[in-house]
Structure formats: structure tokens, C-alpha cells
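Visitor: The following block contains the structure, expressed as C-alpha cells.
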């Protein structure tokens, strides 16, 4: 409203200026001692000035009036950001991949798949040492991931996919298509792709610390992951999921979130990977898609009824959070024909403050603030609720984790140094209240 009043005042001042000039000229004309010819000449010049100023002030007034109308319209009807623009801007970000690879002269590109560079297969073969076994970084459903050196200064990861059937081919196409449109600090970066007969290759940025699964359940058994580092990984993962759920259009549901698909770079920054099973809301009928996923991470409603929503990813995130907290695998064998999920085993103890400290991963036991431990356990319990409607949105999970992560690791917790507050080995019974 202040802007409206200011513009209106300016408009009135401009439109009334010729009247002031005319009045001043009349006063000058009535003064004694002025010659008649000079008076006539002065009146003519004043009239011309008045006409010119009237034209200019009217034009300026019209312009200001148009600006005023435009401002009033947009203040009442603010323009909404087009969701289509989000998609197109993501696609434009994908175009930056080709210039990135072009910096390395030794990288031979033979074409493009959409906006994704196609790298010469022979170069990929050479870069992986002819797919040497010692270069294997991990293994998936349709093949292995290899470490490759495309250039002296460019180490990458190459996923080799055997696409003899249409399921594998569809996963390849789906992953390349989605990752070409996504660029986020907590989502793996796609650098290129390639093919050779029935084999497909996807080239990613190299994640030096491998997968979260390897860190937690491999030879080191989580010894490199402190409590704060684990909370940072959980926070990074939730940020990546929030981007997929709330900032991508159409919404992206990962559908195969698990610790082996959370990769860690040299600084233990976590990034989501493996988008072969991901779906976009609206791209297909989610209730009629083939049941896919990994045992232990699949949400109950998807497993039983085929219902798939963003809350399915939240359930899988809850399982990952339990892995970080307890150091256990999502499914463990009790006997040759019996298995037990981490959710079934942990749920009764997660809500009991007298039992919770004793089931925490021994590597981090007694290294965190007890209040923070109870908070994380409460978040995990909510995420793995059987009913999707009781699970939080990933944005709510994100906001609950931020205060638990030190500032230097991406959160808001301010600590001069990592303090260790020892949990009591056997808390009093009334401490659970």
C-alpha cells in the first residue's frame, strides 16, 4: 500500500505541474513596467512550454498508471512457479555433464543419449582393465560395478548390466533417463553411458568409501562410523529423499532404498544410487507395477497389497536408520529355514528406555547424548509403522535430524568438541517415564 500511495502522489504532482507554470506566468504578466511585445512573446513561449510539459507529463502519467495496474494485479494474483519448469531445469542441469567430460581430452565420446554423453566402449573396457576382478566395487542383480580410470585425473565407477531380457533393459533406460534430469548433492552423479551388444554400461562419479552396507556389515563392522557420522549419513539420505519426493516433478519414488544403495564419498557424504526400480508418480499405475525391492526394506502395504507411495521410501529409510543405530542387518537368519527382520526384533526394545542402550551397536554404545539416542529411536519407530498414514513425511524426518548433527557435518548442533556422555549400563526402572 505504501508503493500505491507513493505512485499516486507522483502522478498528481506531475499532472498539476503545468497549472503551476501557467499561474506563475500570469503573475509575471501583471507586473508593471513590462512591454506589450515582450509580454506577447513571453506568453507564446510559455504556452509552448506548457503544451510540451502537458504532453510529457500525460505520457509519463500513463506509464506510471500502467505500472501501478501491473503491480496491483500481481499483488492480488501472484504467479505460481510452474512445476514443469522444475523438470526442464533438471534436464538443463544434465547438459552440464558433457562439458564436464570434455575437459578430459582422453575421454572419447561417440554420441549422446538425450543429454547424456555416450562413451566409447573400447575406452571403458580399457579403463576397467578388461573388467578385471580386482576392480569390482560391488555386485547387483544384473551385473557388477567396476572402478575405472578414464583419465589420469578421472577415476569413475562403471556399472556393467547384462540386458538379455527386457526387465534389465528397462532398468537401464529408467536409470539413465531419471539421473540425466536430477542433480543434487545427495544423489549420485551420472557422467555417461555406453553399450556393447546386449551389455549396457552406466558411468558414475566414484564414491571412495563404498556403500553404507559395506561400512556397517563388512570387515570393519562400522568402526569408521562414529555416532555423529552415522547421523550425518542419515541426514544426507533424508535430504536426497526429500528432493525426490518434494522437488522433482513428477515425484520420484526410489522403491529400492537400502544400505547398499547409499554410497559414501571420501568425506563420508552420502548419496542415493541405483534408480533402476524408481518410478515417477503418474508415469505408470503404481498399483499395477511388478513387485520389486529387497527383503527387509519393503513396506508391508507394498508387499501385501502392492500399494506404493512416498511413505514406502520412508519405511525403507526407517530400516536404514535401525541399521545405523543397532549395527544389525535388515534380515538375519535364526535357523536354516527361519529369518527375523530387524524391525520385528527391535520394535519391542526401541520404546523401552531401560533396554534401548543395551541393543545399540557396540561400536558407538555410550558415545552419544542419551536424549539424542531416544530421539533417533523414536524417529525410527515412526518410520517403520505398519500403517503408512502413521509414518512421517521425509521432510519431517529431515527436520528432526538436523539438530542432532554437528554444524561442521551439515546440521545445527553446536559443540566445541565431540563430547562423550556415557550412558548408564543399567538405567533405573523409573527412567523410562
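The values are calculated or read from the model by the stated rules, or taken from the named source; none is laboratory data. All of these numbers come straight from a predicted model, not from anything done at the bench. Here Cβ is always computed from backbone atoms with ideal geometry, including for glycine, and neighbour counts include all displayed protein chains.
Visitor: Would you call residue 175 more than 20 Å from residue 271 (Cβ to Cβ), at pLDDT 90 or above and in a helix (DSSP H, G or I)? If you could, list the steps in order and put the result at the bottom.
Guide: Working: more than 20 Å from residue 271 (Cβ to Cβ): no; at pLDDT 90 or above: yes; in a helix (DSSP H, G or I): yes.
No: the conditions fail for residue 175.
Visitor: Now a separate question. Give me the residue from the stretch 112-137 that is assigned to a strand (DSSP E or B) and in contact (Cβ under 8 Å) with a residue 40 or more places away in the chain and, out of that set, nearest to the chain's Cα centre (by Cα).
Guide: It comes out as 116.
Visitor: Write out, first by first residue and then by second, each pair whose Cβ atoms fall under 6 Å of each other, whose residues are 6+ apart or on separate chains, and whose first residue, in the stretch 338-354, is within 15 Å of residue 379 (Cβ to Cβ) and not assigned by TED's automatic domain parsing to the domain that holds residue 381 while the second is exposed (fewer than 14 other Cβ atoms within 10 Å of the Cβ) and modelled with pLDDT under 90.
Guide: none
Visitor: Which one of the conditions (1) out of contact with any strand residue (DSSP E or B) (no Cβ under 6 Å at 6 or more places or on another chain); (2) more than 22 Å from residue 209 (Cα to Cα) does residue 361 fail to meet, given that it meets all the rest?
Guide: Tallying (1) out of contact with any strand residue (DSSP E or B) (no Cβ under 6 Å at 6 or more places or on another chain); (2) more than 22 Å from residue 209 (Cα to Cα), residue 361 fails exactly one: (2).
Visitor: Taking residue 266 as meeting all but one of (1) surrounded by fewer than 17 Cβ atoms within 10 Å (Cβ to Cβ); (2) farther than 27 Å from residue 180 by Cβ; (3) at pLDDT 95 or above, write down the number of the exception.
Guide: Of (1) surrounded by fewer than 17 Cβ atoms within 10 Å (Cβ to Cβ); (2) farther than 27 Å from residue 180 by Cβ; (3) at pLDDT 95 or above, only one is false for residue 266: (2).
Visitor: Is it fair to say residue 255 is assigned to a loop (DSSP other than H, G, I, E, B), touching a strand residue (DSSP E or B) at 6+ places or on another chain (Cβ under 7 Å) and within 20 Å of residue 180 (Cβ to Cβ)?
Guide: It is true that residue 255 is assigned to a loop (DSSP other than H, G, I, E, B), touching a strand residue (DSSP E or B) at 6+ places or on another chain (Cβ under 7 Å) and within 20 Å of residue 180 (Cβ to Cβ).
Visitor: Something else now. For residues that are surrounded by fewer than 24 Cβ atoms within 10 Å (Cβ to Cβ) and more than 15 Å from residue 394 (Cα to Cα), tally how many sit in the stretch 226-255.
Guide: Within the stretch 226-255, residues that are surrounded by fewer than 24 Cβ atoms within 10 Å (Cβ to Cβ) and more than 15 Å from residue 394 (Cα to Cα) number 5.
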